[in-house]
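Okay, so here's the structure we're looking at.
The values are calculated or read from the model by the stated rules, or taken from the named source; none is laboratory data. Everything numeric here is computed off the predicted structure, so don't read it as measured data. Note that we place each Cβ from the backbone using ideal geometry, even for glycine, and neighbour counts take in every protein chain shown. For the accessible areas, the whole protein counts, side chains as well, though only heavy atoms, and no ligand, DNA or RNA atoms are used. Shrake-Rupley method; radii C 1.70, N 1.55, O 1.52, S 1.80 Å.
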Amino acid sequence: MKLLVINGPNLNMLGIREKNLYGARDFSALCDFIRKTAEDLNVEVELYQSNHEGDLVDCIQSAYQRIDGIVINPGAYTHTSVALLDALKAVSIPACEVHLTDVNAREEFRKISYVRLACEKTFAGYGFDGYKMAMEYLVKR
Ligand code: DQA
């Protein structure tokens, strides 16, 4: 089984950006955590991060007929991107949405998620553990 974990804009700034919200651990710590989780679950994992919407669309398309499950934290594109929603629908790969913070407890605009419409589950507000929960869900499914 092969999973693809996608992180969107500004997630590469973890450890620097708004530490009160996102914590002090940096992006490489998140990548290590995801790789370790994959190892524990005995699955392969591919990681991708970009600040560019089109690149994220390309990455989702590249998963077609190659990847068994997608975990995606689209960052701010969560709340704006029909293109990411359409890409997830196009490839039709089981997907989970992850957010480090509880987006439903923040500003009103963060309650809207387009990608959610193409995701089987959302894990929000669990920090790094949300990625683990999403990966576990996709493996068990
Ligand atoms: C985020 C929440 C988004 O609203 C925000 O734009 C992010 C990170 C999260 O992981 O909590 O960049 O996706």
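From the list Glu97, Glu46, pick out the single residue that is part of a strand (DSSP E or B) and in contact (Cβ under 8 Å) with a residue 40 or more places away in the chain.
Only one candidate qualifies: Glu46.
Of the conditions (1) touching a Leu at 6+ places or on another chain (Cβ under 9 Å); (2) assigned to a loop (DSSP other than H, G, I, E, B), Gln65 clears all except one; give me its number.
(1)
Quick check: is even one residue across region 59-75 under 23 Å from Arg17 (Cα atoms) and of a type in the set (A, V, I, L, M, F, W, C)?
So far as region 59-75 goes, yes, one or more of its residues are under 23 Å from Arg17 (Cα atoms) and of a type in the set (A, V, I, L, M, F, W, C).
Being hydroxyl-bearing (Ser, Thr, Tyr) and closer than 23 Å to Arg141 by Cβ is true for just one of Thr101, Thr37, Thr80. Which residue is that?
Unique residue meeting the criteria: Thr37.
Of all residues in region 88-102, which are β-branched (Val, Ile, Thr) and either more than 8 Å from the ligand (Cβ to nearest atom) or within 14 Å of Ala134 (Cα to Cα) (or both)?
Answer for region 88-102, where residues must be β-branched (Val, Ile, Thr) and either more than 8 Å from the ligand (Cβ to nearest atom) or within 14 Å of Ala134 (Cα to Cα) (or both): Val91, Ile93, Val98.
For region 100-136, give me the residue count where each residue is in a helix (DSSP H, G or I), out of contact with any Pro (no Cβ under 9 Å at 6 or more places or on another chain) and either of a type in the set (D, E, K, R) or closer than 22 Å to Ala38 by Cβ (or both).
Counting residues in region 100-136 that are in a helix (DSSP H, G or I), out of contact with any Pro (no Cβ under 9 Å at 6 or more places or on another chain) and either of a type in the set (D, E, K, R) or closer than 22 Å to Ala38 by Cβ (or both) gives 12.
Here are the criteria: (1) within 13 Å of the ligand (Cβ to nearest atom); (2) open to solvent by 50 Å² or more (accessible area, probe 1.4 Å); (3) closer than 22 Å to Ala83 by Cβ; (4) out of contact with any strand residue (DSSP E or B) (no Cβ under 8 Å at 6 or more places or on another chain). Tell me which single one Glu108 does not satisfy.
So Glu108 meets the others, but not (3).
Would a scan of region 11-30 turn up a residue that is more than 11 Å from the ligand (Cβ to nearest atom), under 21 Å from Cys119 (Cα atoms), touching a residue at least 12 places away in the same chain (Cβ under 8 Å) and in contact with a helix residue (DSSP H, G or I) (Cβ under 9 Å, 6 or more places away or on another chain)?
no
What number of residues within region 65-83 satisfy the criterion of being of a type outside the set (Phe, Trp, Tyr) and open to solvent by 30 Å² or more (accessible area, probe 1.4 Å)?
Selection size over region 65-83: 7.
Kindly provide the set of residues from region 45-64 that are open to solvent by 30 Å² or more (accessible area, probe 1.4 Å) and touching a strand residue (DSSP E or B) at 6+ places or on another chain (Cβ under 9 Å), ordered by number.
Correct list: Val45, Glu46, Leu47, Tyr48, Gln49, Asp55, Ser62.
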